[in-house]
Amino acid sequence: MNLLLMTFGPPLIILGYVIYSDRFKEPSGMIIKSFIVGILLIFPAGILNQLLIFSNEDPSSVTYIAGFTEETLKFLALYFYIRKKSHFNEPMDAIVYGTLISLGFATLENFEYVFNSASAAESMQIATIRAFTAIPLHACCGVIMGYFFGLYAFSGQRSYLLKSLFLPMFFHAIYNFMTTFSLLITSLILIALIGYAYSLHKRFAYLQSGKIKEEERKNSLG
């Protein structure tokens, strides 16, 4: 039971915060579907990572590639699935759905890492470490991606669309790259990333606080 709580608890706690901090709550159906979309992304990501990372003679030296493969898949889900939904009707929604997709992905990934371990003690150790590292990383990337995607969707400025993809990709890749060199630097990167993602979320929360109704006009760019 403790292992299950440590595996599934951290992503669900973060999701609970993001979902309930949204002043205009998203429908439960869309919340569940978006989370499932994130879960399903683990399969194409696994194929890509196997080809580009684990087929390498020294996989640990190219783990940064996961930042490119995984964040690109999450971005495509936002762009081709979430963007067209009628419930996606204000900037904060992009953060909510971006985090749902990102943590859906992270939850199944967490399960695979934890329960493929050789022993119960090792599984608990991995679950504990990932609760304070990989899970917050994925959550932050989801918030950052969602923030800039929300700005793009309701302004039409292409520069925001590029930031929505490339900033999470960059942060994820740098984080993975540094894990092979320095635990201290990796920890500092993660702390800075959490602070940055939190500040972006608070900006949209502040904008929401002055709104009477949720709906805004989305741009019509393809």
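The values are calculated or read from the model by the stated rules, or taken from the named source; none is laboratory data. Everything quoted here is computed from the prediction, not taken from an experiment. Cβ coordinates were reconstructed from backbone atoms using ideal geometry, including for glycine residues, and neighbour counts include every protein chain displayed. Areas reflect the complete protein model, heavy atoms only, side chains present, ligands, DNA and RNA absent. Shrake-Rupley method; radii C 1.70, N 1.55, O 1.52, S 1.80 Å.
Points worth noting:
- Most positive-pole-ward Cα, Leu193, Val18, Ser123, against dipole of the chain from beta carbon charges: Val18
- GNM on the chain, alpha-carbon springs under 10 angstrom: the most fluctuating residue among Phe149, Phe105, Phe177 is Phe177.
- Between helix 134-153 and the chain: long-axis angle, C-alpha atoms, 0 to 90°, nearest 10: 20
- Relative intensity, log₁₀ I(q)/I(0), of segment 119-220 from a Debye sum that treats every alpha carbon as a point, q = 0.13, 0.19, 0.21 Å⁻¹: -0.58, -0.96, -1.08
- Global size of segment 30-137: 15.2, 46 Å for Rg and Dmax (C-alpha atoms, Rg to one decimal, Dmax whole).
- Once the gyration tensor of the Cα atoms in segment 173-222 is diagonalised, the equivalent ellipsoid follows with semi-axes of 35, 16, 5 Å, ordered largest first.
- Residue among Ala197, Ala173, Ala120 with the largest mean-square fluctuation in a Gaussian network model of the chain, springs linking Cα atoms under 10 Å: Ala120
- Mean separation of Cα contacts under 8 Å, 6 or more apart, over the residue count of segment 128-222: relative contact order %: 37
- With the cut-off at under 14 Å, measuring from each backbone N in segment 104-118 to a point 7 Å along the Cα-to-Cβ line of Phe54 picks out 109-117.
- Stokes-Einstein translational diffusion, the chain - Kirkwood Rh over all Cα pairs, 0.692 mPa s, 37 °C, in µm²/s: 185
- Carbon + sulfur, % of accessible area of the chain - ligands and nucleic acids excluded, 1.4 Å: 69
- Each listed q (0.28 Å⁻¹) maps to a log10 I(q)/I(0) for segment 94-171, found by the Debye formula over equal Cα scatterers with no solvent: -1.16.
- Rg ratio for segment 133-192: its Cα radius of gyration over 2.2 N^0.38 Å, N being its residue count, equals 1.24.
- Computed from point charges on the beta carbon alone (+1 for Lys and Arg, -1 for Asp and Glu), the dipole magnitude for segment 47-121 about its Cα centre is near 380 Debye.
- Exposure ranking of Glu215, Glu57, Glu90 by accessible area [1.4 Å probe, largest first]: Glu57, Glu215, Glu90
- Taking the Cα centre of segment 132-222 as origin and assigning +1 to Lys and Arg Cβ atoms and -1 to Asp and Glu Cβ atoms, the resulting dipole is close to 240 debye.
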